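Since the structure comes first, as structure tokens, the remarks are kept for the end.
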Amino acid sequence: MSEKDTKYIPVQYVPMSCEEDEIDLREILKTLWKHRVFILLFTLFMTTAAVVYAFMVTPVYETKADIQVGYVSNSNSNSNSNSNSNSNSKIYLIEPNAAKIFIHNNFAVTENKNLAYPKVDVNFVKKTDDILSLKIMDISNDSGKRYLDKILEAIKKEEERKLNSFVENVNSQIEILKKQKTEYKKQLQMFETQLKEVKDPVMYQALLNNIKDYQKDILNIELKIDSLKSKISPANITRTHVIGKVIQNDHPIKPKKKLIVTVAFVTGLILSIFLVFFMEFVKSFKEER
């Protein structure tokens with residue numbers, strides 16, 4: 001046979017991978033459809049369990065409040081330095097850091113260790129050094145508000161001791177100044193009496209100068225007494241208090257029911273599909289053996 005009589009039959013090439021992929025996809029869908037009842041029931045079970053858990057677990061509510069630490073306005077502070085004017089104008093009844101530690105040590109952990117709540121998170125408000133931000137997590141808004149009032153009451157009791165000590169100190173300084181003022185007045189009266197009797201011009205001028213000095217000293221003492229009295233005036237004393245409103249939400253922050261149910265549904269669906277293929281694998285393995 002010559003080369004001219006030879007016929008070549010073209011062979012069409014079919015990619016095996018595409019055909020296999022198509023077959024595998026069909027098999028996967030068939031397997032899923034075959035076990036659709038199991039997948040549905042398993043997913044429904046997981047979702048139902050999540051719904052039951054979400055509605056049975058104790059809800060947790062959050063109470064937020066910003067607290068201004070108590071202080072006494074310092075009337076002696078001057079405004080020569082703008083950078084230090086704020087720190088010089090306040091005498092804290094409790095140092096802000098000490099107030100933060102006091103709240104953390106006494107209220108961040110509940111007295112009853114069997115109870116998970118209430119819990120307290122305390123930090124300084126950004127860009128401030130004497131305003132504390134409190135977050136109280138409790139089983140209800142009412143109990144969270146009561147716990148906030150309990151914290152404020154405890155801080156005010158600590159402040160009361162500091163304030164009483166401060167007031168006693170200021171009153172003792174006032175008493176010392178009053179005694180000094182009384183002595184100066186006696187000296188002033190003595191100089192004024194001598195001034196009426198003296199005839200020597202030099203002595204007269206010396207007495208007159210002494211009188212002016214004592215009058216000036218008495219005036220300075222009176223100004224100091226007024227300044228000290230203003231320190232303990234109720235108008236200059238700021239007790240620890242809540243700034244603005246106490247923020248509470250009608251909805252609990254925990255549990256997040258929608259998230260729990262959604263995650264349970266997706267997890268149940270994925271896990272049921274995995275179990276289906278695992279069971280099919282075990283079945284095929286036994287058949288091969």
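Quick notes
- Alpha carbon centroid spacing (whole Å) that separates segment 226-289 from segment 121-196: 41 Å
- Cross-link pairs beyond the 20 Å C-alpha cut-off, checked among Lys150/Lys257; Lys127/Lys162; Lys135/Lys256; Lys100/Lys135: Lys150/Lys257; Lys127/Lys162
- Rg ratio (alpha-carbon, reference 2.2 N^0.38 Å) - segment 132-197: 2.41
- Integer Hz, Karplus 6.51/-1.76/1.60 couplings in order for segment 125-135, x for Gly and Pro: 5, 4, 6, 10, 10, 9, 10, 9, 9, 10, 10
- In loop segments of segment 106-213 as defined by DSSP, the trypsin sites (Lys or Arg not before Pro) with at most 14 further C-beta atoms inside 10 Å of their C-beta are Lys113, Lys126, Lys127, Lys199.
- Lysines with Cα under 22 Å of Lys196, excluding same-chain neighbours fewer than 8 positions away: Lys185, Lys186, Lys212, Lys216
- Solvent accessible area, Å² - Phe285, 1.4 Å probe, full protein context: 100 Å²
- Val51 sits with roughly 50 Å² accessible to a 1.4 Å probe, with DNA, RNA and ligands left out of the calculation.
- Built amide H within the under 5 Å cut-off of Tyr92, gap 5+: Val72
- In terms of distances greater than 23 angstrom between alpha carbons, the cross-link table entries Lys126/Lys258; Lys119/Lys254; Lys64/Lys119; Lys178/Lys199 yield Lys126/Lys258; Lys178/Lys199.
- Positive contributions from Lys and Arg (+1) and negative ones from Asp and Glu (-1), summed over other residues with Cβ under 11 Å from the Cβ of Glu175, come out at +2.
The values are calculated or read from the model by the stated rules, or taken from the named source; none is laboratory data. Treat the numbers as computed from the prediction; the structure is a model and nothing was measured. All Cβ positions, glycine included, derive from the backbone under ideal geometry; neighbour counts span all protein chains shown. For accessibility, only protein heavy atoms count, side chains too; no ligands or nucleic acids. Shrake-Rupley method; radii C 1.70, N 1.55, O 1.52, S 1.80 Å.
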